[in-house]
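Student: Below is a structure I'd like to ask you about.
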Amino acid sequence: MTPPPPPLGRSRKKPAHSFDPALDDSELVTARTALAQGRWTAARSLLRATGTDWDLRGHRVLGLAREPTARVWTRDWLLAEPGSTDAVVLLACASVLRAVAGRGRPDEVRAACAEAAELVPDDPTPWLGLLLLERELGDEADVVRLFDEVRLRHPGHHHAHHLMVARLAERRADVGQDPLHEVYDFASWAVEQAAPDSPLALLPVVAHAERYRVLARAGVLHGDPELSGHWTGRRARLVLKSAFDWWLQWGGTRERPGVTHPRGRVDLNYLAHAQYCAGHRAEATALFHRIGRHNTPEPWSYADRDPHEAFRSARRTALDSP
């Protein structure tokens with residue numbers, strides 16, 4: 001999501017390296033570039049072609065919504081095609097990201113998402129937008145309610161499960177590495193509910209990383225994940241073995257041959273980070289090769305590290321290992 005402007009006194013220089021939330025979705029990159037130039041018809045064609053692949057739709061709507069001029073050009077789209085539900089959903093999600101960045105009124109954004117949800121009752125994307133908003137601004141009851149709305153429409157929604165894990169991991173930061181923490185129960189439950197080939201199989205690794213983020217920020221764990229001991233305990237060993245075995249079996253497959261999961265690179269970054277921090281250089285090397293240039297800020301930015309430097313250093317060390 002778009003970060004808020006830096007506080008007064010901090011440099012406004014852009015980072016030396018930027019991350020592309022489109023990941024390996026070249027069609028999204030093309031449509032986003034066209035939208036930035038005012039050619040909204042490319043976004044319309046992309047979303048029409050996406051259909052009811054809800055994970056892909058959520059990925060693409062948010063990818064377009066992150067374009068700084070998305071709201072301007074989507075309003076033009078709505079003027080030309082007042083009945084376009086795709087435009088209504090895109091405008092609502094672009095408003096969500098703006099509100100999360102502190103540049104919009106949350107009550108107006110909630111109303112826009114509610115209108116979009118009413119127009120497309122089977123689409124979880126407006127509810128995903130609301131979940132993103134309340135993940136940052138709402139209370140836990142709102143987050144749970146909205147997660148349930150997303151899951152009602154798409155039980156295996158990848159992004160929604162990641163948001164829920166991140167929020168649950170923030171409970172009880174003072175208890176340390178509690179193996180019975182509720183975030184682990186949630187991740188295990190999600191795996192049990194999902195199909196065998198679902199990437200939610202990697203959610204326990206994500207939960208462990210999110211818990212590290214919380215504990216390191218609270219000062220309970222060392223700020224260097226390799227020195228924290230978080231990735232060498234019994235729970236870490238179990239979830240890493242299970243996740244890596246799943247990836248070896250299912251990681252390159254999808255319902256449609258040759259099409260990878262739209263957020264698959266997100267999972268690969270979490271898994272590569274975990275394997276590297278656990279000292280499993282061979283496994284990490286295989287994952288770094290698959291990631292290629294599609295690294296993500298999370299979890300390399302935990303705890304308050306430069307994510308590009310952390311990724312580059314880990315990748316270099318893994319690839320140089322015998």
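Student: Ala31: net charge of surrounding residues, Cβ under 14 Å, Lys/Arg +1, Asp/Glu -1, itself excluded?
Tutor: Values: positive: Arg32, Arg39, Arg44, Arg48, Arg57, Arg60, Arg66; negative: Asp20, Asp25, Glu27, Glu67, Asp86.
Neighbourhood net charge equals +2.
Student: Under the definition of Cα pairs under 8 Å and six or more residues apart, what whole-number percent is the relative contact order of the stretch 148-239?
Tutor: Numbers: 78 pairs, mean separation 26.7, N = 92.
Normalised by residue count, the contact order of the stretch 148-239 is 29 percent.
Student: Enter the angle in degrees (range 0 to 90, nearest 10) between the Cα long axis of helix 307-320 and the first principal axis of the Cα atoms of the chain, meaning the one along which they spread out most.
Tutor: Between the helix axis and the principal axis of the chain, the angle is about 50 degrees.
Student: Here is a follow-up. Can you give me the Kirkwood hydrodynamic radius for the stretch 208-322, using every pair of distinct Cα atoms, in Å to one decimal? Each step should come with its number before you reach the end.
Tutor: Details: mean 1/r = 0.0691 Å⁻¹.
The Cα-based Kirkwood calculation yields 14.5 Å.
Student: Highest mean first, how do 223-231, 150-158 rank when packing is the count of other Cβ atoms within 10 Å averaged over residues?
Tutor: 150-158, 223-231
Student: Assuming R0 = 30 Å, what is the FRET efficiency of Val220 and Asp197, from their Cβ-Cβ distance, to the nearest 0.05? Before the final figure, lay out the partial values.
Tutor: Numbers: r = 36 Å, r/R0 = 1.19.
Efficiency, rounded to the nearest 0.05: 0.25.
Student: Could you derive backbone 3J(HN,Hα) for the stretch 270-276 from the dihedral phi with the Karplus parameters 6.51, -1.76 and 1.60 (θ = phi - 60°), listing whole Hz in sequence and x where the residue is Gly or Pro?
Tutor: Whole-Hz 3J(HN,Hα) from phi for the stretch 270-276: 4, 5, 5, 4, 5, 5, 5.
Student: I've got another one for you. Okay, helix-only estimate at 222 nm for the chain: each DSSP H run of n ≥ 4 adds -39500 (n - 2.57), divide by all residues, round to 500 deg cm²/dmol; what do you get? Numbers along the way, then the final one.
Tutor: Values: 15 runs with 195 residues, N = 322.
Mean residue ellipticity at 222 nm (helix-derived): -19000 deg cm²/dmol.
Student: Please give, to one decimal in nm, the separation of the simple spin-label points placed at Ser26 and Arg234, each 7 Å out from Cα toward the Cβ.
Tutor: A separation of 4.8 nm, rounded to one decimal place.
Student: Trp73: net charge of surrounding residues, Cβ under 10 Å, Lys/Arg +1, Asp/Glu -1, itself excluded? Intermediate values should be presented prior to the final figure.
Tutor: Values: positive: Arg39, Arg71, Arg75; negative: Glu67, Asp76.
Around Trp73, the charge tally is +1.
Student: Run the 1.4 Å probe and let me know the accessible area of Tyr276, rounded to the nearest 10 Å².
Tutor: Approximately 20 Å² of Tyr276 is accessible to the 1.4 Å probe.
Student: Give me the accessible area per residue for the chain, probe 1.4 Å, as a whole number in Å². Write out the running numbers ahead of the final one.
Tutor: On the way: 15220 Å² over 322 residues.
On a per-residue basis, 47 Å².
Student: Of all the Cα-Cα pairs you can form in the stretch 66-198, what percent are over 23 Å apart?
Tutor: Looking at the stretch 66-198, the distances longer than 23 Å represent 39 percent of pairs.
Student: Further, regarding this structure: If you take all C-alpha pairs in the stretch 137-244, what percent of them are over 24 Å apart?
Tutor: Within the stretch 137-244, distances greater than 24 Å cover 24 percent of Cα pairs.
Student: Taking Cα atoms, how many degrees apart are the long axis of helix 125-137 and the longest axis of the chain, rounded to 10 and kept between 0 and 90?
Tutor: 60 degrees
Student: Considering only protein heavy atoms and a probe of 1.4 Å, how much of the accessible area of the chain is carbon and sulfur, as a whole percent? Could you put the intermediate results ahead of the total?
Tutor: On the way: 7980 of 15220 Å².
Ligands and nucleic acids excluded, carbon and sulfur give 52 percent.
Student: Something else now. Below 12 angstrom from the Cβ of Val120, what's the summed charge of the other residues (Lys, Arg +1; Asp, Glu -1)?
Tutor: -3
Student: I need the calculated FRET efficiency for the pair Asp304 and Glu182, taking r as the beta carbon distance and R₀ as 22 Å, to the nearest 0.05. Don't skip to the end; give the middle numbers.
Tutor: Numbers: r = 25 Å, r/R0 = 1.12.
That pair, Asp304 with Glu182, gives E of 0.35.
Student: Could you put Leu180, Leu168 in order of accessible surface area, largest first, with the 1.4 Å probe and the full protein assembly present?
Tutor: Leu180, Leu168
Student: Taking the Cβ-Cβ separation of Asp245 and His289 as r and a Förster radius of 30 Å, what is the calculated FRET efficiency to the nearest 0.05?
Tutor: 0.95
The values are calculated or read from the model by the stated rules, or taken from the named source; none is laboratory data. Everything numeric in this text was worked out from a predicted model, so none of it was measured. So basically every Cβ, Gly included, is an ideal-geometry build from the backbone, and we count neighbours across all protein chains shown. Keep in mind that these areas ignore ligands, DNA and RNA; they rest on the heavy atoms of the full protein, side chains included. Shrake-Rupley method; radii C 1.70, N 1.55, O 1.52, S 1.80 Å.
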